[in-house]
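Undergrad: Right, I'll just put the structure down here and ask away after.
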Amino acid sequence: MMVKHIVFWKLREDCDKDAATREIAGKLEALVGVVPGLTKAEVRRAYTGDYDTVLYSELESREAAEAYQTHPAHLEAKKTVHGYAVGRAACDFEV
């Protein structure tokens, strides 16, 4: 079963949130084709709700989703996210 992985981030108030979202998108969207099993990644600026930026991604399986979390390229991309994020919510589900 495919896994859909969705993450919401609240960004620091002192940053340019549009620019930060573009930078985060550049890092996370580039992981498609690099991280095995990651088939889709989209990062966008949210315009409703309590969060500023959202990641929507698709992975081939639960095993791929677990491996994604510890993949070196993902860990490197997370450094950029952590430079901006002050809050996070996430959810995975299978389809």
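The values are calculated or read from the model by the stated rules, or taken from the named source; none is laboratory data. Just so it is clear, the model here is predicted, and its values are computed rather than measured. Positions of Cβ are generated from backbone atoms using ideal geometry, with glycine treated the same way; all protein chains shown enter the neighbour counts. Please note that ligands, DNA and RNA were not included when accessible areas were found on the heavy atoms of the full protein model with its side chains. Shrake-Rupley method; radii C 1.70, N 1.55, O 1.52, S 1.80 Å.
Undergrad: Measuring from label point to label point, each 7 Å out along Cα→Cβ, what is the MET2 to ARG22 span in nm?
TA: It works out to 3.0 nm between the two label points.
Undergrad: Roll a 1.4 Å probe over the protein chains and send me the accessible area per residue for the chain in Å².
TA: Ligands and nucleic acids excluded, the result is 58 Å² per residue.
Undergrad: Ok, one more. Just order 32-45, 51-64 by mean Cβ neighbour count inside 10 Å, highest at the front, would you?
TA: The packing order, highest mean first, is 51-64, 32-45.
Undergrad: From the backbone phi of region 87-95, what are the Karplus-calculated ³J(HN,Hα) couplings (6.51 cos²θ - 1.76 cosθ + 1.60, θ = phi - 60°) in whole Hz, Gly and Pro given as x?
TA: Once rounded to whole Hz, the list reads x, 8, 9, 9, 8, 10, 8, 9, 10.
Undergrad: Using only the alpha carbons of region 15-65, determine the length spanned along each of the three principal axes and report them from longest to shortest in whole angstroms.
TA: Extents along the principal axes: 33, 20, 12 Å.
Undergrad: Give the shape of the chain as rounded, prolate or oblate, defined through the alpha-carbon gyration tensor: a ≥ b ≥ c are the square roots of its eigenvalues, a/c under 1.5 means rounded, and otherwise the shape is prolate if a/b is larger than b/c and oblate if not.
TA: prolate
Undergrad: If the cut-off is a Cα-Cα distance under 18 Å, which lysines reach LYS79, setting aside same-chain residues fewer than 8 apart in sequence?
TA: Partners within reach: LYS10, LYS17, LYS27.
Undergrad: Could you work out how far apart the two model spin labels at VAL95 and ALA46 are, taking each label as a point 7 Å from the Cα in the direction of the beta carbon, and quote it in nm?
TA: Calculated label separation equals 1.9 nm.
Undergrad: Further, regarding this structure: Could you work out how far apart the two model spin labels at THR70 and GLU29 are, taking each label as a point 7 Å from the Cα in the direction of the beta carbon, and quote it in nm?
TA: Here the modelled spin labels are 3.0 nm apart.
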